[in-house]
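Peer 1: Questions regarding the structure given below will be posed in turn.
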Amino acid sequence: MSKLNLSGSELDLDRPNIEDYLPTDSLHEPSGKLRLRDLLDISPTLTEAAGAIVDVSKDLSVNVIGGMFSIFVLDEFSFVHGQDSFTRCFKSNPPEPWNWNVYLFPLWCLGVVVRYGILFPVRVLVLTLGWIIFLSSYIPVHLLLKGHEKLRKKLERCLVELICSFFVASWTGVVKYHGPRPSRRPKQVFVANHTSMIDFIILEQMTAFAVIMQKHPGWVGLLQSTILESVGCIWFNRSEAKDREIVARKLREHVEGADNNPLLIFPEGTCVNNHYTVMFKKGAFELGSTVCPIAIKYNKIFVDAFWNSRKQSFTTHLLQLMTSWAVVCDVWYLEPQNLKPGETPIEFAERVRDIISVRAGLKKVPWDGYLKYSRPSPKHRERK
């Protein structure tokens, strides 16, 4: 299978080579001669095709008729028309309507009045109060304690945790944490599956992590360059090729420091809809540090916490959360993992992904998440 070509503007800080994740024999070009063993060894193809049929039938209610020919036609249809497992990873799945009858519609209308007329104003008030308390404390601490670095960092860490708690309260967040609370130690890095930027806020309210994150514009970018800078967060810009080396150096320096805040990385590199996990980038797994997995699972009964950044701004996403009933999720701090003898960073990343996926009940798919920013090449589709 040939490599997928992406534009330079979509540079990944640690883009894996997809061929590293594929069986060696799948990389060979067809020999041109059809052998008997090629005809007999079709079970992987049948398995993939059957999976495609199941995926397509869920969305399209396809009635499969015609045996083997239909299997391969539907496999090609599902890949080309966006009903494959890759597209599903970045797709919001709204709940089916339940309110369109004479009994339930009045209750739904009452719910809208409560959420928008009562809960939303109260939540705005809570968040506004949180910002007033935070800024009135953070600004003096940041400006007046510059000569007392240890005390200043400790207070700034507590204040960042405080404002994140106010954010969670503004969604009526119900978060259940499982496992021991993370501590500051050298040579360790925390990795988690990624559904939305609120993952960081939910984790940050318990522990002041230093996170590696894409640089954002607007008010989010202003917070990154001022407040979050104080907890040691590291920013990058995908359009800047030189950022790769700079960030890699900063990561190694950060994990070596005993007094630095715990480092948090979302190795998927993009938001996934909390039903799947995509390929983990290997950067976090080749630092020579202990890797501490974190699994996050949201309950979609009250709101879908997935942030589709291509369709809505983060401000719109926050408004959606603040006008919902609640944000309900579970967070598991899992057993730390170390690189085993003879294990490659890619294998290590896949092993940790297995642990997170099983704990959170997520389905693994063999895709690089950054492919969502570009279309698969025609040669890749033809090979499929």
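Read-outs throughout are calculated quantities, based only on the coordinates presented, and are distinct from any laboratory measurement. Treat the numbers as computed from the prediction; the structure is a model and nothing was measured. Backbone-built Cβ (ideal geometry, glycine too); neighbour counts: all protein chains shown.
Peer 1: Beyond 25 Å between alpha-carbons counts as too far, so tell me which of 153/282; 187/282; 281/363; 154/281; 154/297 fall in that bin. Don't jump to the answer; show the numbers that get you there.
Peer 2: Details: 153/282 30 Å; 187/282 16 Å; 281/363 17 Å; 154/281 31 Å; 154/297 30 Å.
Distance filter (> 25 Å) returns 153/282; 154/281; 154/297.
Peer 1: Local charge sum around residue 323 (other residues, Cβ-Cβ under 14 Å, Lys/Arg +1, Asp/Glu -1)? Please report the intermediate quantities before stating the final value.
Peer 2: On the way: positive: 115, 123; negative: 304.
Residues near residue 323 contribute +1 overall.
Peer 1: Residue 327's amide H: which non-local residues (gap 5+, or another chain) put their own amide H closer than 5 Å, with H modeled 1.01 Å from N in plane and none for Pro or chain starts?
Peer 2: 173, 174
Peer 1: Report the calculated FRET efficiency for residue 114 and residue 311 (r = Cβ-Cβ distance, R0 = 35 Å), to the nearest 0.05.
Peer 2: Working: r = 27 Å, r/R0 = 0.76.
E(calc), rounded to 0.05, equals 0.85.
Peer 1: Check which residues have an amide H placed less than 5 Å from residue 337's amide H, if you skip close sequence neighbours.
Peer 2: 291, 292
Peer 1: Amide H to amide H, which residues 5 or more places from residue 272 or on other chains are under 5 Å from it, using H placed in the peptide plane?
Peer 2: Placed amide hydrogens put 194, 195 under 5 Å from residue 272.
Peer 1: Need one word for the range 240-297: rounded, prolate or oblate. Basis is the Cα gyration tensor (sqrt eigenvalues a ≥ b ≥ c); a/c below 1.5 gives rounded, then a/b vs b/c decides. Don't skip to the answer; put the middle values down first.
Peer 2: Working: a/c = 2.30, a/b = 1.38, b/c = 1.66.
Judged from the Cα gyration tensor, the range 240-297 comes out oblate (a/c at least 1.5, b/c at or above a/b).
Peer 1: Shifting gears a bit: Is the shape of the range 113-227 rounded, prolate or oblate, going by the alpha carbon gyration tensor and its root eigenvalues a ≥ b ≥ c, with a/c under 1.5 for rounded and a/b larger than b/c for prolate?
Peer 2: Values: a/c = 1.76, a/b = 1.23, b/c = 1.43.
Taking the square roots of the gyration eigenvalues as a ≥ b ≥ c, the range 113-227 is oblate.
Peer 1: Take the alpha carbon gyration tensor of the range 161-255, find the square roots of its eigenvalues, order them as a ≥ b ≥ c, and report rounded if a/c is under 1.5; if not, report prolate when a/b exceeds b/c, else oblate. Write out the running numbers ahead of the final one.
Peer 2: Numbers: a/c = 2.05, a/b = 1.32, b/c = 1.55.
It comes out oblate by the Cα gyration axes.
Peer 1: Moving on. I need to check one value: relative contact order of the range 96-180, counting alpha carbon pairs closer than 8 Å and at least 6 residues apart, in percent.
Peer 2: This gives 31 percent for the range 96-180.
Peer 1: Taking 22 Å as R0, compute the FRET efficiency from the Cβ-Cβ separation of residue 158 and residue 225 and round it to 0.05. The partial results should precede the final answer.
Peer 2: On the way: r = 21 Å, r/R0 = 0.94.
It comes out at approximately 0.60.
Peer 1: Ok, one more. Go through the range 199-212 residue by residue and turn each phi into a ³J(HN,Hα) via Karplus (6.51, -1.76, 1.60, θ = phi - 60°); whole Hz please, and just put x for glycine and proline.
Peer 2: Couplings: 3, 4, 5, 5, 6, 5, 5, 9, 9, 6, 7, 9, 10, 9 Hz.
Peer 1: Given an 8 Å cut-off on Cα distances and at least 6 residues of separation, report the relative contact order of the range 105-364 as a percent.
Peer 2: On the way: 406 pairs, mean separation 63.9, N = 260.
Normalised by residue count, the contact order of the range 105-364 is 25 percent.
Peer 1: Which distance in nm do the two modelled labels at residue 87 and residue 256 give, with both placed 7 Å along the Cα-to-Cβ direction?
Peer 2: Inter-label distance under the simple model: 4.8 nm.
Peer 1: Please work out how much length the chain gains when fully extended from residue 347 to residue 150, using 0.36 nm per residue of separation minus the C-alpha to C-alpha distance, in nm with one decimal.
Peer 2: Values: separation 197, 0.36 × 197 = 70.92 nm, distance 3.86 nm.
Full extension from residue 347 to residue 150 adds 67.1 nm.
Peer 1: Binning at 5 angstrom from zero up to the longest distance, how are the C-alpha pair distances of the range 105-364 distributed in percent?
Peer 2: 1, 6, 12, 16, 19, 17, 13, 8, 4, 2, 1, 0, 0
Peer 1: Follow-up question, since we're still on this one. Of the chymotrypsin sites (Phe, Trp or Tyr not before Pro) in the range 304-354, which ones lie in a loop per DSSP and count no more than 15 other C-beta atoms within 10 Å?
Peer 2: Values: sites: 306, 307, 314, 325, 332, 333, 348; in loops: 306, 307, 325.
Sparse-neighbourhood loop chymotrypsin sites (Phe, Trp or Tyr not before Pro): 325.
Peer 1: If you add up the charges near residue 162, with Lys and Arg at +1 and Asp and Glu at -1, over every other residue whose beta carbon is less than 11 angstrom from its beta carbon, what do you get?
Peer 2: On the way: positive: 157; negative: 156, 161, 204.
Residues close to residue 162 contribute a combined charge of -2.
Peer 1: Return the distance in nm (one decimal) between the two label points of a simple spin-label model at residue 137 and residue 300, each offset 7 Å from Cα along Cα→Cβ.
Peer 2: For the pair residue 137/residue 300, the computed spacing is 3.7 nm.
Peer 1: Moving to a separate point now. Give me 138, 298, 103 ranked fewest to most by other Cβ atoms within 10 Å of their Cβ, as a rough exposure proxy. Let's see the in-between values first.
Peer 2: Working: 138 20, 298 23, 103 7.
Ranking 138, 298, 103 by Cβ neighbours within 10 Å, fewest first, gives 103, 138, 298.
Peer 1: Oh, and also: Karplus couplings for the range 254-271 from phi (6.51 cos²θ - 1.76 cosθ + 1.60, θ = phi - 60°), rounded to Hz, Gly and Pro as x?
Peer 2: 5, 5, 7, x, 6, 8, 6, 5, x, 8, 10, 10, 9, x, 5, x, 7, 7
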